[in-house]
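So the structure is just underneath, and the comments pick up after that.
The values are calculated or read from the model by the stated rules, or taken from the named source; none is laboratory data. Computed from a predicted structure; not experimentally measured. We place every Cβ from the backbone using ideal geometry, glycine too, and count neighbours over all the protein chains shown.
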């Protein structure tokens, strides 16, 4: 299945493309809002800061394309910064509005823990999840959502306190971790998402 | 809670995995992509590839090797060896590396760390430090595969490198590397205490208990090459042992 991979600039896409190909996806890198809107599946990677990330999405009308996809339950996965961009706002870039798909704000890790969170951490899905399963996921992040937004299932992790490791609703998946780097567990998650996308 | 990581290392020259003690008497040890896939399947948490090619032609192969490994590898990949400029790092990241490690070039040009972190972020930027015991006390940095000692205190350099943008330290004991007599735990403790980024222990592992000693000394992750190459053991099996000592691991 064709997967439109949104290229917002600094993200290193090689791992994402290789990960999608391993589960039978046909990734196509694009910055074109129409292509993102129309693709059977879309993938928003994300590395970098919240402010520039939102700016890149708004510049080409990608923000609207993603909002509409998600509202219509069209298969969409957003990872790392991509998940954070779905929120209303982030402590990382005060004053910048996010996509507002998730009713919540992104904050920085606090307490006596390594920041960035760097490595494998255990993920605990809520009972209603259909895509997410328990397991170890690979993280590289300094910011996170604190609580599952209303209307979404998801998974929590613990790094100096609970944080949102992932959200899911229908065929829309948001991962704070990197499924493409999370071994067979991450690969199985991407496969389940693509299978759901094909339905 | 984050798990402690076990990281196999592949030394690659001209597109082939090689083995040797202190970079001497290198012998062929297989295809990088095949070995990478085998390590992931047997429990590796990450993989490090160090390109030890001696020539520019061999070096040019590194990106091909990284791309071939990336196709099959679903865990984080760090690549080091011969990175002297931001463009060298960009080529490897485009090929599929998730992090790059710099060694000699950062000693010669410490601002390289700042440029790498500014362009790609701290999480992409690993400082590799080879440290040798100093007869007068402490440890000094060795570079160019051990042929040169620039007179730099290893702990001080670790601190400086982190301040400049390194997000992780790959710390190799020059005295222990290849000996299979255990890590230099005093070195690990000194550097772990000095910085607030993860320290990967390298050099000297022979069996799982050695890895446990390194974690006790303060390492967040342990890197080993020879113990995994020969099939003596697997990352999964050493993690079983590490877990019995109370450390969290991914299984």
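Looking only at the range B:190-224, residues that are within 17 Å of the chain's Cα centre (by Cα), more than 14 Å from chain A (Cβ to nearest Cβ) and part of a helix (DSSP H, G or I) come to 4 in all.
For the range A:26-53, the set of residues classified as crowded, with 22+ Cβ neighbours inside 10 Å and either assigned to a strand (DSSP E or B) or touching a residue at least 60 places away in the same chain (Cβ under 8 Å) (or both) consists of A:41, A:42, A:43, A:44, A:50, listed by residue number. With the checklist (1) more than 22 Å from residue B:121 (Cβ to Cβ); (2) in a helix (DSSP H, G or I); (3) free of Cβ contacts under 8 Å to residues at least 60 places away in the same chain in hand, flag the one item residue A:57 doesn't pass. Here residue A:57 meets the rest and fails (1). Residue A:68 meets all of the listed conditions (1) surrounded by fewer than 19 Cβ atoms within 10 Å (Cβ to Cβ); (2) within 26 Å of residue A:4 (Cα to Cα); (3) in contact with a strand residue (DSSP E or B) (Cβ under 9 Å, 6 or more places away or on another chain) but one, namely (3). Residues that are in contact (Cβ under 8 Å) with a residue 24 or more places away in the chain and in contact with a strand residue (DSSP E or B) (Cβ under 8 Å, 6 or more places away or on another chain) were ranked within the range A:16-25; the one that is farthest from the other protein chains (Cβ to nearest Cβ) is A:25.
Residue pairs whose Cβ atoms lie under 7 Å apart, sitting 6 or more positions apart in sequence or on different chains, and linking a residue in the range B:157-171 that is more than 14 Å from every other protein chain (Cβ to nearest Cβ) to a partner that is modelled with pLDDT of 95 or more and part of a loop (DSSP other than H, G, I, E, B), are B:158/B:195; B:159/B:195; B:160/B:110; B:164/B:110.
Has the range A:106-119 got at least one residue that is touching a residue at least 40 places away in the same chain (Cβ under 8 Å), surrounded by fewer than 22 Cβ atoms within 10 Å (Cβ to Cβ), at positive phi and assigned to a loop (DSSP other than H, G, I, E, B)? Among the residues of the range A:106-119, at least one is touching a residue at least 40 places away in the same chain (Cβ under 8 Å), surrounded by fewer than 22 Cβ atoms within 10 Å (Cβ to Cβ), at positive phi and assigned to a loop (DSSP other than H, G, I, E, B), which makes the answer yes.
Of the residues contained in the range A:181-195, one or more are found to be free of Cβ contacts under 8 Å to residues at least 12 places away in the same chain and under 27 Å from residue A:62 (Cβ atoms).
Of everything listed in (1) assigned to a loop (DSSP other than H, G, I, E, B); (2) out of contact with any strand residue (DSSP E or B) (no Cβ under 9 Å at 6 or more places or on another chain), the single unmet condition for residue B:177 is (2).
I'd like the full set of residues that are part of a loop (DSSP other than H, G, I, E, B) and within 14 Å of the chain's Cα centre (by Cα), limited to the range B:149-174.
First, pick out the residues of the range B:149-174 that are part of a loop (DSSP other than H, G, I, E, B): B:149-152, B:165-167, B:174.
Correct list: B:166, B:167, B:174.
Within the range B:141-148, the presence of a residue that is in a helix (DSSP H, G or I) and surrounded by fewer than 23 Cβ atoms within 10 Å (Cβ to Cβ) is excluded.
When the range A:157-180 is filtered for residues that are over 12 Å from the mean Cα position of the chain (by Cα), crowded, with 18+ Cβ neighbours inside 10 Å and over 20 Å from residue A:41 (Cα atoms), the ones remaining, listed by number, are A:157, A:159, A:163.
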